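Readers should treat all values here as calculations from the given coordinates under stated rules, not as data from a laboratory. If you're wondering where the values come from, they're calculated on a predicted model, not measured in any experiment. With ideal geometry, Cβ positions are generated from the backbone for all residues, glycine too; neighbour counts draw on all protein chains shown.
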Amino acid sequence: MARGGADESVKQPPIPLEEAQARLLALADLQPIEHVDIEGSLGRYLAEPLTARRTQPALDLSAMDGYAVRIDDVTGPWQIIGESAAGHPFIGKIQPGQAVRIATGAVMPECGDAVILQEDIARDNGRIELSGDGPQPQDRHVRREGMDFKVGKQVLPAGGRIGAAQAALAISSGHKHLPVRRSPKVAVIDSGDELASDADCCEPHQIPASNGAMLAAMVRTLSCGAERLGPVGDTMEQLGNVLARAEDADVVVTSGGASVGDHDLIRPALEAWGATINFWRVAIKPGKPLLVATRERSRGRQIVLGLPGNPVSSHVTAYLFLLPLLRSILGAADPLPRQFSTLLGAPLAANGSRRTFVRATWDGSSASPQQVQDSGALAALAASNVLIDRHAGVPEAMVGDEVSVFLLENGGIA
């Protein structure tokens, strides 16, 4: 029999995935903004739109190696009067019948507005002639001033994740520091009398405590710190003590003890700690006994996610709920994982009454389900790179049918 006030909740049907995600994200409060150097911003989300402080290119540049000439003088012949190299521009003006040797990325000389490729040139004693086709259009090999962006233009939107290309763009547009949201403090607690904290000293009746390490690793993919506080046993005293140690955390993640058995004490322990249950149980498989609670403090609200103890269930619910919550707190414009369509590589039986996330391997063209789909099968999970999204009640699917999948790599965000 369930305890801690869970009886009435058990009578309520589990809520749909999208409703549960919306209710969770509605609880997320944005973290304060801080300014960090470019390298420190990688993997985080831009808190404000970024505007260019300079124009790129700042001057007309050559896009190829060749010879700069006047655009009204592209048939030659020409006399070579100098050279423009990257970082070392030619000083002077090009007159008709004159050319300047120019390198890729070098500044176009004054009055030089066309580039003849070096392979289209025949050279003889300082004079050159056209031996191939000239540029079509005539300015095709010139990167015009402001081609990439101009000063004052927005180059990155708020809420986008900062990767290598975004960091390069920020530097190129004149920035040394970027506004991002402060990383939330996350506490990870795995519970269960069967958990052994040391994998080298694990008795046959025990299992190594892997969920805490797994969840902490998932949190760190978002450049957030994760403090592991478990594993702890299935007693109210131990749970109460470890929750007290999570007082400073913005987000508390528990694994195990969120169901309705005699040893599932997470819910009553949270209520004794002063937390209020927001919702409990979601109509998905694996991961039905998901719990979301909040706890008000003088310095802000704590959000608690009670995840199932089975490792696959814990991973799937962290993917669908914990990572989106953290992205939302960090200011992501699109915190939910993205789906895409692919073909099915092996048949799937008709689905039951709950939306099911099937662990599968995607080879770039089709997704093949793992043979073992048990919620304790870590080997099958580790071999998977996608989750096939099977809605409740869908019929049998055959090889070649189109299916929707979530990409597990990078938490589903490209």
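Per residue Cα convex hull volume for the range 261-407, in cubic angstrom?
Hull volume over Cα atoms, normalised by residue count, gives 124 Å³.
Per residue of the range 28-44, what does 6.51 cos²θ - 1.76 cosθ + 1.60 with θ = phi - 60° give for ³J(HN,Hα)? Whole Hz please, x for Gly and Pro, Karplus curve as stated.
Values per residue, Gly and Pro as x: 6, 9, 4, 6, x, 7, 9, 10, 10, 5, 4, 5, x, 8, 4, x, 9 Hz.
Short version: ³J(HN,Hα) in whole Hz for each residue of the range 385-394, in order, from phi by Karplus 6.51 cos²θ - 1.76 cosθ + 1.60 (θ = phi - 60°), x for Gly and Pro, what are they?
Per residue, the Karplus-derived 3J(HN,Hα) values read 10, 9, 10, 7, 8, 10, 6, 4, x, 6 Hz.
Just going by the charge dipole of the chain, with Lys and Arg at +1 and Asp and Glu at -1 on Cβ, which of G274, L24, G132 is farthest out on the positive end?
It is G274.
Report, as a whole number in µm² per second, the diffusion coefficient that Stokes-Einstein gives for the range 1-142 at 25 °C and 0.890 mPa s using the Kirkwood radius over alpha carbon pairs.
Answer from the Stokes-Einstein relation: 121 µm²/s.
Sequence gap of 8 or more, or different chains, plus Cα separation below 28 Å: how many lysine pairs satisfy both in the chain?
7
Could you state the number of Å between the C-alpha centres of the range 295-325 and the range 138-152?
What the calculation gives is 48 Å, centre to centre.
How big is the C-alpha Rg of the range 147-223 next to the rule-of-thumb value 2.2 N^0.38 Å, as a ratio?
The reported ratio for this selection is 1.87.
For C201 and E271, what does the FRET efficiency come to when R0 = 25 Å and r is the distance between their Cβ atoms, rounded to the nearest 0.05?
0.15
For the range 83-156, what ratio Rg/Rh do Cα atoms give with a Kirkwood hydrodynamic radius?
Expressed as Rg/Rh, it is 1.03.
5 Å is the cut-off here: which amide hydrogens, built 1.01 Å from N in the peptide plane, fall below it relative to A377, excluding neighbours closer than 5 in sequence?
Amide H neighbours of A377, under 5 Å, 5+ apart: V312.
Using amide H atoms built 1.01 Å from N in the peptide plane, name the residues 5+ places from K185, or on other chains, whose amide H lies under 5 Å from its own.
Excluding prolines and chain starts, which carry no amide H, the hits are D250, V251.
Placing +1 at every Lys and Arg Cβ and -1 at every Asp and Glu Cβ, with all other atoms neutral, what dipole size does the range 61-143 have around its Cα centre, in debye to the nearest 20?
Using Cβ point charges on Lys, Arg, Asp and Glu, the range 61-143 gives about 200 debye.
In whole angstrom, and with the biggest value first, how far do the Cα coordinates of the chain range along each principal axis?
Over the chain, Cα extents along the principal axes are 97, 54, 42 Å.
Starting from the 7 Å offset along Cα-to-Cβ, what nm value, one decimal, do you get for the label separation of S131 and V36?
If labels sit at S131 and V36, their model points lie 5.5 nm apart.
Regarding the range 339-408, what is the average projected area of its C-alpha convex hull, in nm²?
Average projection, Cα convex hull of the range 339-408: 4.2 nm².
May I ask you to evaluate 6.51 cos²θ - 1.76 cosθ + 1.60, the Karplus curve with θ = phi - 60°, for each residue of the range 182-195 and list the ³J(HN,Hα) values in order in whole Hz, giving x for glycine and proline?
For the range 182-195, the Karplus curve yields 4, 5, x, 8, 10, 10, 10, 10, 10, 10, x, 5, 7, 7 Hz.
Between L27 and S404, what is 0.36 nm times their sequence separation minus the Cα-Cα distance? Round to one decimal in nm.
Gain on stretching L27 to S404: 132.9 nm.
Which one of V242, S328, F340 is farthest out on the positive end of the charge dipole of the range 227-346, using unit charges on Cβ (Lys, Arg +1; Asp, Glu -1) and the Cα centre as origin?
So the residue we want is F340.
If R₀ is 41 angstrom, what is the calculated FRET efficiency for the pair A382 and D120, using the beta carbon separation as r and rounding to 0.05?
Between A382 and D120 the formula returns 0.15.
Taking the Cβ of A249 as the centre, find all other residues whose Cβ is under 13 Å away and add up their charges (Lys, Arg: +1; Asp, Glu: -1).
Computed value for this residue: +3.
Can you tell me what the convex hull of the Cα atoms of the range 161-282 projects to on average, as an area in nm²?
10.7 nm²
If you place +1 on the Cβ of every Lys and Arg, -1 on the Cβ of every Asp and Glu, and leave all else neutral, what size is the dipole of the range 95-144 about its Cα centre, to the nearest 20 Debye?
The calculation lands at about 180 debye.
To the nearest 0.05, what FRET efficiency results for A392 and A63 with a Förster distance of 60 Å applied to their C-beta separation?
My answer for the efficiency is 0.60.
Fully extended, how many nm does the chain gain between S210 and E145 (0.36 nm per residue separation, minus their Cα-Cα distance)?
17.9 nm
Just name one of V316, G174, V403: the one whose Cα is farthest towards the positive end of the charge dipole of the chain (beta-carbon charges, Lys/Arg +1, Asp/Glu -1).
Positive-most Cα among the choices belongs to G174.
Can you tell me the length gained on complete extension of the stretch Q339 to I71, counting 0.36 nm per residue apart and subtracting the Cα distance?
The span from Q339 to I71 would gain 91.5 nm if fully extended.
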